[in-house]
Structures are given as structure tokens and as C-alpha cells.
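Student: One structure follows; several queries about it will come next.
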Amino acid sequence: QVQLVESGGGLVQPGGSLRLSCAASGSISGIYVMGWYRQAPGKQRELVASITSSGSTNYADSVKGRFTISRDNAKKTVYLQMNSLKPEDTAVYYCNLVVRGNSYWGQGTQVTVSS
């Protein structure tokens with residue numbers, strides 16, 4: 001079983017920054033992909049960014065140049081540095097891990113961008 005624990009959400013003003021963290025535990029080995037998704041009220045969950053074991057990254061067009069995903073394989077932790085935040089970034093952010101064809105989700109952390 002795999003567990004994901006997120007932290008770092010909160011309230012921030014437009015133009016501000018936040019850093020999300022997601023620590024994984026459990027049966028994880030080999031190649032796996034970690035990523036962040038978000039879901040705003042009334043909208044579908046969408047991919048924000050993902051990163052493979054080798055460090056290849058993928059970003060949604062809406063966050064390119066503002067968000068940076070990174071990971072520490074030794075700590076089984078993925079990070080999302082969010083800069084120049086906009087009100088439209090407001091959502092619940094979910095950590096995701098895919099390993100051996102199985103997908104796991106964190107409980108979600110709220111990010112609110114408002115003045």
C-alpha cells in the first residue's frame with residue numbers, strides 16, 4: 001500500500017508564492033511518476049505538473065514559467081514551487097503517484113489566491 005501526505009497549502013495574495021510538498025511511503029520501488037493535479041469548484045481535476053524518476057517534467061500550459069516541480073528520490077518526496085500566483089490558481093491540489101500501473105492520491109491541500 002502507498003500513502004501520500006501533502007502539506008504547504010494556504011491563503012496567499014496574487015503575485016505571491018507557495019511551496020507544496022508530498023511525501024510518499026509504502027511499497028514504492030523502481031520507476032514511478034509523481035505529479036500534482038488540481039480541482040477548482042465546479043471544474044474537472046486537471047494535471048498541473050508531473051515528473052518521472054529520471055527527472056523529466058511536464059507542465060500544464062497555464063502554469064509554465066510560474067510553477068516548478070521537483071523531487072527527492074531518496075526522500076520519496078515531490079515538491080511544487082508556485083510563483084506569481086493568480087486567483088485562477090485557486091483549487092484543491094492533489095498529489096499523485098503512479099507505480100507498476102497503479103495510481104495513488106493524496107488527500108488534497110487547499111490553495112487560495114485572493115487579496
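The values are calculated or read from the model by the stated rules, or taken from the named source; none is laboratory data. Everything quoted here is computed from the prediction, not taken from an experiment. Neighbour counts run over all protein chains shown; Cβ positions are idealised from the backbone, glycine included. Areas reflect the complete protein model, heavy atoms only, side chains present, ligands, DNA and RNA absent. Shrake-Rupley method; radii C 1.70, N 1.55, O 1.52, S 1.80 Å.
Conditions tested, residue by residue: (1) β-branched (Val, Ile, Thr); (2) more than 21 Å from residue 84 (Cβ to Cβ); (3) touching a residue at least 60 places away in the same chain (Cβ under 8 Å).
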position: 1; (1), (2), (3): no, yes, no
position: 13; (1), (2), (3): no, no, yes
position: 17; (1), (2), (3): no, no, yes
position: 20; (1), (2), (3): no, no, yes
position: 24; (1), (2), (3): no, yes, yes
position: 30; (1), (2), (3): no, yes, yes
position: 44; (1), (2), (3): no, yes, no
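Student: Among all residue pairs at least 6 apart or on different chains, which show Cβ distances below 8 Å where the first residue, located in the stretch 78-91, is farther than 25 Å from residue 3 by Cα and the second is among the basic types (Lys, Arg)?
Tutor: Within 8 Å, the pairs are 83/66; 84/66; 85/66; 89/38.
Student: Of the residues that make up the stretch 36-46, is at least one aromatic (Phe, Trp, Tyr), open to solvent by less than 50 Å² (accessible area, probe 1.4 Å), at pLDDT 95 or above and out of contact with any His (no Cβ under 7 Å at 6 or more places or on another chain)?
Tutor: Yes, because at least one residue in the stretch 36-46 is aromatic (Phe, Trp, Tyr), open to solvent by less than 50 Å² (accessible area, probe 1.4 Å), at pLDDT 95 or above and out of contact with any His (no Cβ under 7 Å at 6 or more places or on another chain).
Student: Report, by residue number, each residue of the stretch 95-115 that is open to solvent by less than 40 Å² (accessible area, probe 1.4 Å) and either aromatic (Phe, Trp, Tyr) or at pLDDT below 95 (or both).
Tutor: Across the stretch 95-115, the qualifying residue is only 99.
Student: Turning to a different aspect of this structure: Residue check, residue 101 against (1) over 13 Å from the mean Cα position of the chain (by Cα); (2) more than 19 Å from residue 2 (Cβ to Cβ), all met but one. Which one?
Tutor: Of everything listed in (1) over 13 Å from the mean Cα position of the chain (by Cα); (2) more than 19 Å from residue 2 (Cβ to Cβ), residue 101 misses just condition (2).
Student: If residue 88 satisfies every condition in (1) under 16 Å from residue 12 (Cβ atoms); (2) surrounded by fewer than 20 Cβ atoms within 10 Å (Cβ to Cβ); (3) touching an Asp or Glu at 6+ places or on another chain (Cβ under 8 Å) but one, which is the exception?
Tutor: Answer for residue 88: the failing condition is (3).
Student: Ok, one more. Select from the stretch 8-32 the residues that are part of a strand (DSSP E or B) and open to solvent by 60 Å² or more (accessible area, probe 1.4 Å) and write down the one among them that is nearest to residue 50 (Cα to Cα).
Tutor: 19
Student: So, one more: I'd like the full set of residues that are farther than 13 Å from residue 10 by Cβ and among the aliphatic types (A, V, I, L, M), limited to the stretch 92-115.
Tutor: Correct list: 97, 98, 99.
Student: Examine the stretch 76-83 for a residue that is open to solvent by 30 Å² or more (accessible area, probe 1.4 Å) and at pLDDT below 95, and state whether such a residue exists.
Tutor: yes
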